[in-house]
Amino acid sequence: MKKITATLIKEWILLRRDVAGLLLLFLMPAILIIVMAMVQDAPFRDYQEIRFDLLLVDEDGGSLAREIKSGLKASKNFHVIDSLEGSALSSGQLQKLLREGDYHVGIVIPNGATAEVVNSANIIANNISRKLGLGGTMPSRSTRDNRYVRMYFDPVSKPTFRTSISFALDRFVTYSCSNLLVQRISQLSKLAGDSAEMNDDFRKVFAGIGIKEEVLNDTQGDKTYINSVQHNVPSWAIFGMFFIVIPIAGHMIREREDGSAVRIELIPHALRLVALGRILFYTLMCTLQFWVMAGIGLWILPLLGLPALYLGLHAWVLLPVSFAIAFAATSFGYFTGAVFRTTNQAMPFGAISIVILSAMGGLWVPVELLPPVMQRVAMISPLHWSLEAVHHVILRNGGIGSVAGHILFLMAFGTILWGISIYKNVSRARGI
Amino acid sequence: MSSAIEISGLYKKYKGAWSAALDGLSLTAEKGRITGLLGPNGAGKTTCINIICGLVRADRGSVQIFGHDAGTQIQTVRSLIGVVPQQIALFENMTALENFRYIGSLYGIAQVTIKERSKNLLERLGLAQHADKRVGRYSGGMKRRANIIASLLHQPDLIILDEPTAGVDVQSRAMIHEFLKEYQQAGKTILYTSHHLDEAEELCENVVIIDEGRHIISGSPKDLIIQTRKQTDCRKLEDVFLHYTGHSVRD
Ligand SMILES: Nc1ncnc2c1ncn2[C@@H]1O[C@H](COP(=O)(O)OP(=O)(O)OP(=O)(O)O)[C@@H](O)[C@H]1O
Ligand SMILES: [Mg+2]
């Protein structure tokens, strides 16, 4: 035990003095996380989440326009602009602004739209009243005009954008029209002398119906979606953790070259304990790396206007997960240091293999977006298993049971590589 | 006098080499003496030392260290010997003291004892002021001396030094000699290799000359000179060496 502690201290002294190694372990992934999370922030949100500037021209001035406007303003998706420098927007200005490309969508509520809807509603209400024998009638004219709410788009906007916006607007218009109709009928019933409660019932007609999205989580309350932060923090943290290959392999090869490895071998019963101490040290370092990166996601990214990292309902599961990832990464480093003779061979192998394994494992692009063949290839990348395990916890609110397989795979991967390295080290000493 | 090292019929051929590095080498080193292992480049000195300490495995032959077989009891043997390798076997990014603390701990020595022994040895070898300097920033001679200290922390009975004075200046060399003599007077056995024959002549009570992995001749430098004088003009150990190993360049 004392020999392992001594090795931990010695590795710490050496790593502390290896500035390049420290920067590689902590600064590189931190920068990657911040930059990538910022860059991919917009692409990761879909139209539902982004607030659009929506130009609105109100030529109507009636209750329909008021309803549409307040509905749009209440919606999280739109930021309604209906006046420019203090005066109301005109249809001509709206078209000019869209053509210039500063805004992407605008609507015009035409003059007389309210009157038209009210007229239609009155006609329907009168019909109902007559058929049910309620008695009252409301003023109406028989000629009907077309008063469409007109939509305008920036010419370069994509078709999917147009459809999703027009669906959203359509809903508001339909809702406002239906509302008016209900109001008319309720007015009729008031004329017929019904009680106030009944009128309330009319008003509540739309409450509690419609569509509402629910998130698939194992418990209610917390909702997480994949977003830039949830994807990039684990991805680049894992990428950075596996880069521990570079300092480990570097230190091991340097020690063989400068002869200090021989010194360890000359000490009775020390070799294996030293190897154990080294693996332990770097595994702890690497686990620390994970939590530093998680800390960046929790506290630094929100300062930059990004959502904070969400750790799921069973955040403690990340402890064994991060340890298993760290062990796999460290063993990979130990393996690289044991198999290659010179740093000139080991460094490019280490760096390139991590980049390839991370691309394969879905760290750059989510695995779901990879072609089917690559999705199957991803299964052999330890970085894929690492990312999947973290995703289970932070996106799917998974517990320890959901990641046990991943942990097992990572530990087995590490153990096998470590076994090969020890064998390789011993045979190097003996076999020459 | 019983022997500290008993080597007999040692044979070693490296993988891929076309001739043997050691070809039936036999030699003995007596307890409490300084023995010089001499030979031209590539004679097999380092190979012989590496087999003694278990870094290289011999194909045939046996090595006994204080009666322990190096083939089967290597851990015991390692605890009895202090090997000073030909390369500087220290962590360059750590100070001398940090190195000694770590190496000492791996030998299982208590921290206070390590501290005391390193302090003594550092003073004795003129490194006391540089104890807290990183080994990587040492001069060649300082590195050699620190390399020796690291091998003596566990106070071995047998010290094996592979060219401890290679590339060191006259002052450092004298200091190392003085130190080795003192160590011998404390009852320790020393085996060392060198290419400085005048140094070996002055320091060693016994020398073994090997070439091409074979034992050529051994004895006290004085006896060897007298013996060789019968065949050729010979005044110093170098003449003996050249007489037996020839003038052609090796390696
Ligand atoms: N690791 C190795 N692999 C293959 N051949 C080796 C190896 N080490 C040494 N040799 C060969 O074995 C022979 C003996 O080498 P060794 O290093 O033992 O000689 P030496 O007497 O120590 O030489 P020097 O005085 O130059 O240090 C040489 O021919 C050398 O080339
Ligand atoms: Mg040598």
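The values are calculated or read from the model by the stated rules, or taken from the named source; none is laboratory data. Quick caveat, the model's predicted, so the values are computed rather than measured. Positions of Cβ are generated from backbone atoms using ideal geometry, with glycine treated the same way; all protein chains shown enter the neighbour counts. Just the protein is used for accessible areas: all its heavy atoms, side chains included, with ligands, DNA and RNA removed. Shrake-Rupley method; radii C 1.70, N 1.55, O 1.52, S 1.80 Å.
Once the chain from A:ILE123 to A:LEU27 is taken as fully extended at 0.36 nm per residue, the excess over their C-alpha distance is 27.5 nm. Residue ranges A:247-254, B:140-147 sort as A:247-254, B:140-147 when ordered by packing (mean number of other C-beta atoms within 10 Å per residue, highest first). Mean partner shielding of peptide B:34-43, defined as the number of other chain Cβ atoms within 10 Å of each residue Cβ, is 0. Bridgeable aspartates and glutamates around A:LYS131 (alpha carbons under 19 Å apart, same-chain partners fewer than 8 residues away excluded): A:ASP194. Using the structure shown, list the pairs from A:LYS3/B:LYS45; B:LYS143/B:LYS181; A:LYS96/A:LYS158; A:LYS3/B:LYS115; B:LYS119/B:LYS143; A:LYS2/B:LYS31 with a Cα-Cα distance above 23 Å, or answer none. Table pairs above 23 Å Cα-Cα are A:LYS3/B:LYS45; A:LYS2/B:LYS31. Computed from the Cβ-Cβ distance with R0 of 25 Å, the FRET efficiency linking A:ARG376 to A:ILE400 stands at 0.40.
Here the simple spin-label model places points 7 Å from the Cα toward Cβ, and for A:VAL292 and A:ILE9 these points are separated by 2.3 nm. The aspartates and glutamates whose alpha-carbon is closer than 15 Å to the alpha-carbon of A:LYS69, local same-chain residues fewer than 8 away aside, are A:ASP53, A:ASP58, A:GLU59, A:ASP60, A:ASP82, A:ASP170. The A:MET38 and B:SER26 beta-carbon pair, evaluated with R₀ = 56 Å, returns a calculated FRET efficiency of approximately 0.15.
Residues of the stretch B:153-189 falling in the label zone of B:GLU238, defined by backbone nitrogen less than 17 Å from a point 7 Å along Cα to beta-carbon, are B:166-168, B:170. For peptide B:106-113, the mean count of partner chain Cβ atoms within 10 Å of a residue's Cβ comes to 4. Axis angle, to the nearest 10 degrees, between helix A:400-431 and the longest C-alpha principal axis of chain A: 20 degrees. A full extension of the chain between A:GLN93 and A:SER75 corresponds to an added length of 4.1 nm, given 0.36 nm per residue minus the alpha carbon distance. Listed by chain and number, the lysines whose alpha-carbon sits under 16 Å from that of B:LYS230, ignoring those within fewer than 8 places in the same chain, are B:LYS222.
Pull out a ≥ b ≥ c, the square roots of the eigenvalues of the alpha-carbon gyration tensor of chain A, then state rounded if a/c is under 1.5, prolate if not and a/b is larger than b/c, and oblate in the remaining case. In terms of gyration-tensor shape, prolate.
Its DSSP H runs of at least 4 residues, each contributing -39,500 (n - 2.57), put the calculated 222 nm mean residue ellipticity of chain A at -20500 deg cm²/dmol, to the nearest 500.
Peptides A:392-400, B:175-183, A:229-237, B:16-24 ordered by packing proxy, namely the average of other Cβ atoms within 10 Å per residue, highest first: A:229-237, A:392-400, B:175-183, B:16-24. For A:SER178 and A:TRP364, a Förster radius of 41 Å and the Cβ-Cβ distance give a FRET efficiency of 0.30, rounded to the nearest 0.05. Inter-chain neighbour count for B:91-101: the average number of beta-carbon atoms from partner chains within 10 Å of each residue's beta-carbon is 4.
For B:GLY219, the residues whose modelled amide H falls within less than 5 Å of its own, excluding neighbours fewer than 5 places apart on the same chain, are B:VAL207. Heavy-atom accessible area, probed at 1.4 angstrom with all protein chains present, ranks A:CYS177, A:CYS286 as A:CYS177, A:CYS286, highest first.
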